[in-house]
Amino acid sequence: MAFFTWFSRARSSCKPIKFFQNSFVQSNHTARSQFQSQSRILENTIIVNSNNSNKQSWRTSLLPIVFAVSGGSLALQLQKNPSLCDSPNLQERSGRIGGKDSTERVVKGSYKPVPPELITELKAICQDNITFDYDERYFHGKPQYSFHKAVNIPDVVVFPRSEDEVSKIVRSCNKHKVPIVPYGGATSIEGHTLSPNGGVCIDMTLMKNVKALHVEDMDVVVEPGIGWMELNEYLAPYGLFFPLDPGPGATIGGMCGTRCSGSLAVRYGTMRDNVINLKAVLADGEVVKTASRARKSAAGYDLTRLMIGSEGTLGVITEVTLRLQKIPEHSIVAMCNFPTVKDAADVAIAAMLSGIQVSRVELLDEVQVKAVNLANGKDLPEFPTLMFEFIGTEAYTREQTLIVQKIVSEHRGSDFVFAEDPEAKKELWKIRKEALYACFAMAPGFEAMTTDVCVPLSHLAEIISKSKEVLDASSLLCTVIAHAGDGNFHTVILFDPADDEQRKEAERLNNFMVHAALSMEGTCTGEHGVGTGKMKYLEKELGTENLRTMKKIKAALDPNGIMNPGKLIPPHICL
């Protein structure tokens, strides 16, 4: 069974907490015990629940605010009401993961044993599809491709087979106020799957059926556990495909949760553009369908887009209706080299401005090409490289290829080659898809901090060239990979996890690129999502008012704070 994912949590926003420094809690734990929950050694900080009551009406909750304003002590009053602010001690904000300017690596959290009554209920719901095995829980609590870590792991992992089971699981967890972490393909890299508070991990990989295919409407209804690659294998005999292509192993549910995209987004858009409707289980166990199957609708709030990108903080996705595309009649893949990354970026921009409907424009710097050569035994020229894909009729794709070849020649490009053979094209794109694995092969034992900034296309050359100067001057091994057609680029910063100075240097490089992107009206994350890793940048990018609005929505849909708490919304944001 493949166990991968997206989500994770930190702590319930509805409970006041106290911090105790330099203390720890330790208890014995039997891996397969049904009733004794895990306890973890928290090496630096333990967060313990206080006994304050949460059962205040909204009117009562507003009274302290009124008096605080008149008395000039609003900040003190906000700390007393857990529904208003996640961070009870303003002095602790800078030291917590996700808090403003936080640079900590290990995500801390509060731990509360899962009550035996919940374990009994989960066993009745899931039957044999439940595990308490330590190795399994550890695997689910540590993302494979993320350097983020947490002090705890899930207490239990459940594997529902139906929407009804998901609803019952969530309802039981909400009744006992136990946090949950939805789990899909585990390919995310921003700490989405961490479980710093323990709790229940809901692995959705058994829900992978295609429920309905409407060939004439060019849409398909699927369960969230199916991978995009498996889905396209299913669709190929019908002449259709789903156009989003993130990392191998990603599932449709996780792709919705992180609002991902991929190399084809320049032609087909991101996940938000390719989901017609979805069904999700809310925190109280209620199942909501967000829209009809019509291609467009002006009926009510757009709940579909609200759920896409919510990272499991608002609900657990159980069904998705996807927009499909016809498999292109013909395609050509082209590659060319440049003396600098700026030259390559300039060509990407010029190609987009020419009006050519390219389906992919990918950029790899010379370090990334070297990694590909070492990992795959290739002999590619180790220069900044652009990869294009053109689709359409045979005549049209060849015409596009010639136009781009002329643009390349005008910008100091060289070694322009293209492929039309299916196997040759597949081999070329394999180079791009396995870029991250190639980096790890070049530095065994290292971890990767991967940036995900995106800027308006006109600023792409500027930010890539500025970033490249800083990266090349660093002592760390860094590569650049870009979806150059839509202004989104990644750097893979490799560092020794045992070397704290290297980690700090990686963080410095990451901060430089994020703040450079924000100064150009860009974003800290184009497609990877927020998780725990990007929360610290959201206030500067979106503003406090935006984040407060998000928090109000979260509080309305998840009043007990069980849905992947500690993700997406920075804990220092107060209502």
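Where the centroid of each part is defined by its Cα atoms, how far is segment 354-393 from segment 229-269 in Å?
Cα centroid to Cα centroid, the span is 20 Å.
Quick check: from the Cα gyration tensor, does segment 91-248 come out rounded (a/c under 1.5), prolate or oblate?
Numbers: a/c = 2.50, a/b = 1.41, b/c = 1.77.
Verdict is oblate for segment 91-248.
Just need the relative contact order of segment 118-206 here, percent rounded to a whole number, with Cα pairs under 8 Å and 6+ apart. Could the numbers behind the result be given before it?
Details: 164 pairs, mean separation 33.1, N = 89.
Reported as a whole number, the value is 37 percent.
What shape does segment 529-575 take by its C-alpha gyration tensor, where a ≥ b ≥ c are the square roots of the eigenvalues and a/c under 1.5 counts as rounded, a/b above b/c as prolate, and the rest as oblate? Walk me through the numbers before you get to the answer.
On the way: a/c = 2.28, a/b = 1.29, b/c = 1.76.
Taking the square roots of the gyration eigenvalues as a ≥ b ≥ c, segment 529-575 is oblate.
Quick check on segment 245-292: take the gyration tensor over C-alpha atoms, sort the square-rooted eigenvalues as a ≥ b ≥ c, and tell me if it's rounded (a/c under 1.5), prolate or oblate. All intermediate terms of the calculation are to be shown ahead of the outcome.
On the way: a/c = 3.68, a/b = 1.82, b/c = 2.02.
Oblate is the answer for segment 245-292, as a/c is 1.5 or above yet b/c matches or exceeds a/b.
I'd like the accessible area for His515: 1.4 Å probe, protein heavy atoms, all chains in place, Å² to the nearest 10.
80
Through the Karplus equation 6.51 cos²θ - 1.76 cosθ + 1.60, θ set to phi - 60°, convert the phi angles of segment 390-406 into ³J(HN,Hα) values in whole Hz; use x for Gly and Pro.
10, 10, x, 6, 4, 5, 5, 5, 5, 5, 4, 4, 5, 5, 5, 4, 5
Please compute one quarter of the surface area of the Cα convex hull for segment 413-534 and express it in square nanometres. Write down the numbers at each step before the final one.
Working: hull surface 36.1 nm².
With the hull built on Cα positions only, its mean projection is 9.0 nm².
Quick one: what Rg and Dmax do you get for segment 143-230 from the alpha carbons, in Å?
Gyration radius and largest Cα-Cα distance of segment 143-230: 15.2, 50 Å.
Per residue, how large is the accessible surface of segment 514-575? Use a 1.4 angstrom probe and give square angstrom. It would help to have the intermediate numbers written out before the result.
Numbers: 2140 Å² over 62 residues.
I get 34 Å² per residue for this part.
Near Lys326, which aspartates and glutamates are there with a Cα under 19 Å away, not counting those fewer than 8 places off in the same chain?
By straight Cα distance, Lys326 reaches Glu216, Asp217, Asp219, Glu230, Glu233, Asp245, Asp273, Glu389, Glu394, Glu420.
Compute the FRET efficiency between Ala124 and Glu462 as 1/(1 + (r/R0)^6), taking r as their Cβ-Cβ distance and R0 = 41 Å, and round to the nearest 0.05.
Numbers: r = 59 Å, r/R0 = 1.44.
For R0 = 41 Å, the calculated efficiency reads 0.10.
Taking the Cα atoms of segment 196-294, what is the range of coordinates along each of the three principal axes, in descending order and whole Å?
The principal-axis extents, from largest down, are 44, 28, 24 Å.
Once the piece of chain linking Leu518 and Asp302 is laid out straight, how much longer is it, given 0.36 nm per residue of separation minus the C-alpha distance between them? Please list the in-between numbers first.
Values: separation 216, 0.36 × 216 = 77.76 nm, distance 2.72 nm.
Contour length minus Cα-Cα distance gives 75.0 nm.
Out of the total accessible area of segment 366-429 (probe 1.4 Å, heavy atoms of protein only), what percent is carbon and sulfur?
Details: 1970 of 3510 Å².
Answer for segment 366-429: carbon and sulfur cover 56 percent of the accessible area.
The values are calculated or read from the model by the stated rules, or taken from the named source; none is laboratory data. As the structure is a computational prediction, the values presented were derived from the model and not from experiment. Here Cβ is always computed from backbone atoms with ideal geometry, including for glycine, and neighbour counts include all displayed protein chains. Areas reflect the complete protein model, heavy atoms only, side chains present, ligands, DNA and RNA absent. Shrake-Rupley method; radii C 1.70, N 1.55, O 1.52, S 1.80 Å.
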